[in-house]
1. What size of dipole, in debye to the nearest 20, comes out for the range 64-154 about its Cα centre when the only charges are +1 on Lys and Arg C-beta atoms and -1 on Asp and Glu C-beta atoms?
2. Among the helices of the chain (complete DSSP H runs), which have Cα atoms covering no less than 20 Å along the helix axis and a Kyte-Doolittle mean of at least 0.0?
3. May I ask you to derive the FRET efficiency for Asp93 and Asp149 from their Cβ-Cβ distance with R0 = 41 Å, giving the value to the nearest 0.05?
4. Rounded to the nearest 500 deg cm²/dmol, what is the calculated helix-only ellipticity per residue at 222 nm for the chain, with -39500 (n - 2.57) per DSSP H run of length n ≥ 4?
5. Relative contact order of the chain, please, whole-number percent, based on alpha carbon pairs below 8 angstrom and at least 6 residues apart.
6. Cα atoms only, the range 3-158: Rg and Dmax in Å?
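Quick note: the coordinates plus some simple rules give every number you see, no bench work behind them. Remember, predicted model here, so these are calculated numbers, not experimental data. Please note: Cβ atoms are built from the backbone with ideal geometry, for glycine as well, and neighbour counts cover all protein chains shown.
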Amino acid sequence: MTMTTRLAALIAPSGLLVYSVLRWLDGRDGHHGPGLAWDLGHSAFLIAFIAFATLTVAIGRTVATRIALMTTATTVLGAALFVWVIVGDLSPDFKDWASMPDVLKLIGPPAFVLGFVATLHLAGRSGVAPRSSAWLALVGFVLIIVELDLLPLAASCSWSRSVRS
C-alpha cells in the first residue's frame, strides 16, 4: 500500500476520536452547539470522512473488481453526503444555500457504512486487509448507532490494522 493509503488509514479513525473527545467537551454544559469545540470537532469529523473516502478508493483500486468499484462508489457517495452535512453544520450560510433533500439525508449513512464494510470485506478476501477489518468496522458503526457517546470505542475498532503494509 502507498504512503497515502497508510496515512488515510491512520487519519480516519484519529479524526473520529478527536471528534468524539471534542463532542464530549462541547456537551458538558448539557447541549451541543456552535463554539470552538463544535467547530474543531466537526472539522476533525470532516477530515475523517475525507480520509475514509480516500482509503476506500485506494482499497477499491487494489482489489480491482466490478463489485469493488460498486462498493467504493457507494462509500464515496455516502462520505460525500456526510461531508455535505458537516459543512452545513460548520457554515449556516452553506446550509441555507444548499440544503440537503431529506431523501439524501436518509441515504448517506447506510450508503457509507454498507459500502465501507463491503469494501473492507472484499479487501480481506483478497488479502489486502486483515479479514477482521470488515467485522471491526461493522461493530464500530453499530456502536455509534446504539449510542453516539460510544464514538471513542468505535474509533478504536477502526484503528485495527485495516490495511496490510
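1. 560 debye
2. 3-26, 36-63, 66-90, 102-126, 132-146
3. It comes to 0.85.
4. On the way: 7 runs with 131 residues, N = 165.
Result for the chain, helices only: -27000 deg cm²/dmol.
5. Numbers: 236 pairs, mean separation 41.6, N = 165.
About 25 percent, as a whole number.
6. 15.5, 49
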